[in-house]
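Participant: So that we are looking at the same thing, I have put the structure below in structure tokens.
The values are calculated or read from the model by the stated rules, or taken from the named source; none is laboratory data. Keep in mind it's a predicted model, so treat the numbers as computed, not measured. Cβ coordinates were reconstructed from backbone atoms using ideal geometry, including for glycine residues, and neighbour counts include every protein chain displayed. To get the accessible areas, we keep the full protein, side chains included, count just its heavy atoms, and leave off ligands, DNA and RNA. Shrake-Rupley method; radii C 1.70, N 1.55, O 1.52, S 1.80 Å.
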Amino acid sequence: RVCGKDDTEWLLSEQYWAYRARMPRQPRLDLPGLLHHVMARGIERREIFGDDRDRERFCERLGELVIAAGARLHAWCLLSNHFHLVIRSGERPLPWLMQRLMTGHAVRYNLRHGRSGHLFQNRYKSVVVEEEPYFLELVRYVALNPVRAGLVREPAELDHYPWSGHAVLVARRAAPWQDTEEVLARFGRHRARAIARYRDFVIDGWDQGHRNELTGGGMVRSAGGLAEVLRRKPEEREAADERILGSGRFVEAIWRAREEGMSGAPRRGWQEILQEVAERFEVDQARILRGVRSRAVARARGAFFSRCVEEAGTSMTQLGRLCGLSTVSVSRSIDKARRRGDVEKR
């Protein structure tokens, strides 16, 4: 159907959604450094883990693949019939990791339990996530899955739930393949204090329940659904993509980066961005990286951080290491730069 002046009425109709259901799946979005919320469920909601041995082998394989892919796993949780991952893509793409993880687990599970056929319901679901303000919210959401499933009833039980990255973050389980640094760095530099603050943060969300916007549909869901988005004036609408959870600006940046990647255009490096920012603000590049405390340098540093995240896919942890700052400081610098309008649109 060719949409005309009655586009809104068409997009809100049952016929449109029936048409959507018949459409082929959209291609996955993946670039090095992108943060993903990954979910996979058993076929017909059946179990995908029969016992703890299944879970142990799954975790072993997950750890091996995370390391082999150069990825960074920030949070994860295994339940009887599904699992969640909060993972940052590495040198090898996310589909490479997920195909090997799920196929290998299905083969082993079928052999151990004397079954055949598909184990998982369709392919896995992945949502690209904008780090601010969703990173910590997503980590907490995944950590609280056992609570929503009724498997644990008290914070102390959650701390000892063995099949979750939360137990690793509160130092109740060892998993060297899980990256705890990027989460805990947002709660302080002293490890024990950061763990306590992280735990308090998780407990504060104990009664949140299911959050649709964190599991797919992006800003369309968080804005109240497609109907609400379409009721807005055109100039008030942001770019939206069901595969992406983030602001309109972030969605456009992902689209642009993907197009550049498909066309073979090289991705920008932080060195090139640093040179451009230094020239624009008329400050020395070394002063931006050294953390010099002056208003002009602070503004340049905020613009540099923001552009690196959006244009080069650099993580805030990487930027913090580059400049000797905490992830929290980098995040605050980016927020200030955006509020002041110091970041040029490209």
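Participant: Restricting to region 130-158, count the residues that are aliphatic (A, V, I, L, M) and over 14 Å from H36 (Cα atoms).
Facilitator: Looking only at that region, the number is 8.
Participant: Might you check whether a residue that is of a type in the set (A, V, I, L, M) and open to solvent by 20 Å² or more (accessible area, probe 1.4 Å) occurs anywhere in region 152-169?
Facilitator: The answer is yes, given that some residue of region 152-169 is of a type in the set (A, V, I, L, M) and open to solvent by 20 Å² or more (accessible area, probe 1.4 Å).
Participant: Ok, one more. Hey, does region 87-95 have a residue that's open to solvent by 10 Å² or more (accessible area, probe 1.4 Å), within 19 Å of A175 (Cβ to Cβ) and at pLDDT 95 or above?
Facilitator: no
Participant: Taking region 46-86 as the search range and keeping residues that are of a type outside the set (G, A, S), over 21 Å from V152 (Cα atoms) and open to solvent by 10 Å² or more (accessible area, probe 1.4 Å), which one is nearest to the chain's Cα centre (by Cα)?
Facilitator: It comes out as R72.
Participant: If you don't mind, there's one more thing I want to ask. Among the residues of region 96-110, write down those that are surrounded by 21 or more Cβ atoms within 10 Å (Cβ to Cβ), touching a residue at least 40 places away in the same chain (Cβ under 8 Å) and closer than 11 Å to V38 by Cβ.
Facilitator: Of everything in region 96-110, those that are surrounded by 21 or more Cβ atoms within 10 Å (Cβ to Cβ), touching a residue at least 40 places away in the same chain (Cβ under 8 Å) and closer than 11 Å to V38 by Cβ turn out to be M98, L101.
Participant: State all residues of region 308-344 that are assigned to a loop (DSSP other than H, G, I, E, B) and touching a residue at least 60 places away in the same chain (Cβ under 8 Å); if no residue qualifies, say none.
Facilitator: Of everything in region 308-344, those that are assigned to a loop (DSSP other than H, G, I, E, B) and touching a residue at least 60 places away in the same chain (Cβ under 8 Å) turn out to be G313, T314, S315, S326, E344.
Participant: Could you please tell me which pairs satisfy a Cβ distance under 6 Å, a separation of 6+ or placement on different chains, a first residue in region 131-148 that is open to solvent by less than 30 Å² (accessible area, probe 1.4 Å), and a second residue that is of a type in the set (S, T, Y)?
Facilitator: Close Cβ pairs satisfying both conditions: P146/Y161.
Participant: Residue check: is S116 open to solvent by less than 30 Å² (accessible area, probe 1.4 Å), at pLDDT below 95 and outside any helix (DSSP H, G or I)?
Facilitator: It is false that S116 is open to solvent by less than 30 Å² (accessible area, probe 1.4 Å), at pLDDT below 95 and outside any helix (DSSP H, G or I).
Participant: Could you list, in sequence order, all residues of region 297-346 that are at positive phi and out of contact with any Gly (no Cβ under 8 Å at 6 or more places or on another chain)?
Facilitator: Across region 297-346, the qualifying residue is only G341.
Participant: Condition test on F201, is it open to solvent by 20 Å² or more (accessible area, probe 1.4 Å), aromatic (F, W, Y) and in a helix (DSSP H, G or I)?
Facilitator: yes
Participant: Taking the options A174, A185, A194, name whichever one is more than 22 Å from the chain's Cα centre (by Cα) and either surrounded by fewer than 13 Cβ atoms within 10 Å (Cβ to Cβ) or in a helix (DSSP H, G or I) (or both).
Facilitator: The match here is A174.
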